[in-house]
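Visitor: My questions all concern the structure below.
The values are calculated or read from the model by the stated rules, or taken from the named source; none is laboratory data. Predicted model, so just to flag it, every value in this text is computed and none were measured. Here the Cβ is made from the backbone with ideal geometry for all residues, glycine too, and neighbour counts use every protein chain on show. Surface accessibility is based on the protein's heavy atoms, side chains included, excluding ligands, DNA and RNA. Shrake-Rupley method; radii C 1.70, N 1.55, O 1.52, S 1.80 Å.
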Amino acid sequence: MKSFLEILHRIRTLVVKELQVLLSDPQGRKLLILPVIIQIIVYPAAATLEVRHATLAVMNQDGGAASIELMQRFAGAKAFTHFIMLENDEQLTRVIERQQALVAIQFPNDFSRRLASGRPVAIQAILDGRHSNSAQIALNYVEQMVQDYMMDRAQAAGHPLPSKIVVRHWFNPNLEYIYFLIPSLIATITTIGTLIVTSLSVAREREQGTFDQLLVSPLTPEMIMIGKAIPALLVAMFQASIVLVAGIFFYGIPFEGNLFYLYGSMIFYVTALVGFGLLISSVCTTQQQAFLGVFCFMMPAVLLSGFTAPIDNMPQWLQVITWANPLRHFLNIAKSIFLKDVPFSFIVENVWPLIVISIFTLSAAMWMFRRKAA
């Protein structure tokens with residue numbers, strides 16, 4: 001019992017020392033809070049997944065009532081606030097080449113006559129492939145408005161309505177992109193904070209020449225790892241709490257899940273990241289090298305997490321690699337807990353990969369520490 005209390009005392013001493021180093025410097029305290037606040041404000045506004053205030057170019061070769069009514073519907077959409085009327089193909093080519101319009105619509109000269117006679121008719125849509133994602137989203141808006149217009153015409157004429165798929169979006173009924181970004185921001189900010197605190201702390205010890213003193217102290221490599229992990233966990237939870245509070249009270253996102261599940265999962269996630277941070281620091285001799293190592297880890301981790309692109313769209317061999325990415329699993333947990341009340345079985349399903357990753361990375365970091373201590 002006495003030896004166990006002595007171990008806890010030694011770990012506590014190291015944790016207090018690490019926290020003092022982090023919080024004693026005013027600039028250090030600002031770096032723990034200001035970047036989080038800046039990302040909360042800028043990230044949701046800049047990384048929008050919606051298309052608004054776009055420019056739509058229209059070349060109406062018809063001039064009939066049907067094309068004019070459809071153009072009026074385009075004008076009433078929030079996605080398009082600027083319109084360019086075109087007269088010929090040369091103007092159409094020019095507005096797309098100069099990126100003056102995201103989408104160009106061309107009505108054929110017999111558009112209204114064909115609709116009046118019940119014959120099929122086509123509308124040509126030309127997209128700017130340099131903005132493929134935004135252009136595709138804008139095209140979906142156009143297609144939906146055209147479909148609604150055709151349905152209204154058929155209903156007004158007394159024709160039987162064709163079958164229509166009624167879409168309901170569970171957990172995000174209005175497809176608010178902010179509902180997706182804020183939970184993702186919790187995961188990414190937690191990742192950055194944990195990796196920087198963990199990797200830079202060991203590199204700082206090397207730069208200041210105190211790492212060797214730490215190894216010959218009464219602290220074992222296991223105690224050193226625990227002492228480095230706890231401050232990172234506290235910083236990560238503090239930063240995640242800022243994002244969580246901002247998402248609920250500032251952005252008005254409903255929190256449907258269980259806070260205990262979120263913070264409990266975060267412990268396993270941070271533990272997995274601590275292993276990566278200690279591995280990065282074990283091969284770096286300066287804080288600059290450690291920072292570059294964190295950057296080299298973050299870019300692939302974000303790309304392979306499913307945040308920027310669905311994992312199912314990746315090649316099969318790359319999907320297998322994503323299982324070693326802790327951000328993939330915690331991102332799924334954060335979004336699911338935020339938007340729906342997930343059961344405990346779902347948490348277990350996504351936490352056990354984090355436990356496996358933690359065992360592997362911490363074991364590798366322990367081996368590196370023992371090599372340094374030998």
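Visitor: Mind checking which residues of the range 309-348 are of a type in the set (S, T, N, Q) and open to solvent by 30 Å² or more (accessible area, probe 1.4 Å)?
Guide: Those that are of a type in the set (S, T, N, Q) and open to solvent by 30 Å² or more (accessible area, probe 1.4 Å): Asn313, Gln316, Gln319, Asn332, Ser345.
Visitor: Which ones in the range 86-114 are closer than 19 Å to Tyr149 by Cβ and aliphatic (A, V, I, L, M)?
Guide: Val103, Ala104, Ile105
Visitor: Looking at the range 237-248, I want the residues that are closer than 15 Å to Tyr269 by Cα and have a partner that is small (Gly, Ala, Ser) with Cβ atoms under 8 Å, at least 6 apart or on another chain. Which pairs are those?
Guide: Matching pairs, first to second residue: Gln239/Gly193.
Visitor: With respect to the numbered conditions (1) at pLDDT below 85; (2) within 35 Å of the chain's Cα centre (by Cα), which one is the sole condition not fulfilled by Pro120?
Guide: (2)
Visitor: While we're looking at this one, here's another question. Pairs under 8 Å by beta carbon, first residue farther than 9 Å from Ala290 by Cα and open to solvent by 10 Å² or more (accessible area, probe 1.4 Å) in the range 196-208, partner assigned to a helix (DSSP H, G or I) and β-branched (Val, Ile, Thr), six or more apart or different chains?
Guide: Val197/Val235; Arg204/Val21
Visitor: Please go through the range 268-308 and pick out each residue that is under 20 Å from the mean Cα position of the chain (by Cα), under 14 Å from Leu200 (Cβ atoms) and open to solvent by 60 Å² or more (accessible area, probe 1.4 Å).
Guide: Listed by number, the list holds a single entry, Phe295.
Visitor: In the set Asp128, Asp152, Asp148, which member is among the charged types (D, E, K, R), buried (at least 17 other Cβ atoms within 10 Å of the Cβ), under 23 Å from Lys78 (Cα atoms) and at pLDDT 75 or above?
Guide: Result: Asp128 is the single residue among Asp128, Asp152, Asp148 that is among the charged types (D, E, K, R), buried (at least 17 other Cβ atoms within 10 Å of the Cβ), under 23 Å from Lys78 (Cα atoms) and at pLDDT 75 or above.
Visitor: Same structure again: Please work out which residue is modelled with the lowest pLDDT, limiting yourself to the range 240-264 and to residues that are open to solvent by less than 10 Å² (accessible area, probe 1.4 Å) and β-branched (Val, Ile, Thr).
Guide: Checking each candidate, the answer is Ile253.
Visitor: So, one more: How about the range 45-117: which strands (runs of 3 or more DSSP E) wholly inside it have at least 3 residues that are loosely packed, with under 13 Cβ neighbours inside 10 Å?
Guide: Ranges flagged: 80-85.
Listed here are the residues, each with its yes/no results for (1) over 22 Å from the mean Cα position of the chain (by Cα); (2) of a type in the set (Gly, Ala, Ser); (3) open to solvent by 40 Å² or more (accessible area, probe 1.4 Å); (4) farther than 30 Å from Ile40 by Cβ.
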residue	(1), (2), (3), (4)
Thr191	no, no, no, no
Ala229	yes, yes, no, no
Phe238	no, no, yes, no
Met266	no, no, no, no
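Visitor: Answer yes or no as to whether Ala373 is open to solvent by 20 Å² or more (accessible area, probe 1.4 Å), at pLDDT below 90 and out of contact with any Gly (no Cβ under 9 Å at 6 or more places or on another chain).
Guide: yes
Visitor: When the range 167-184 is examined, which residues are found to be at pLDDT 65 or above, among the aliphatic types (A, V, I, L, M) and farther than 10 Å from Lys335 by Cα?
Guide: The answer is Leu175, Ile178.
Visitor: Further, regarding this structure: Quick one: in the range 214-227, of everything that is part of a loop (DSSP other than H, G, I, E, B) and hydrophobic (A, V, I, L, M, F, W, C), which residue is most open to solvent (accessible area, probe 1.4 Å)?
Guide: It comes out as Val216.
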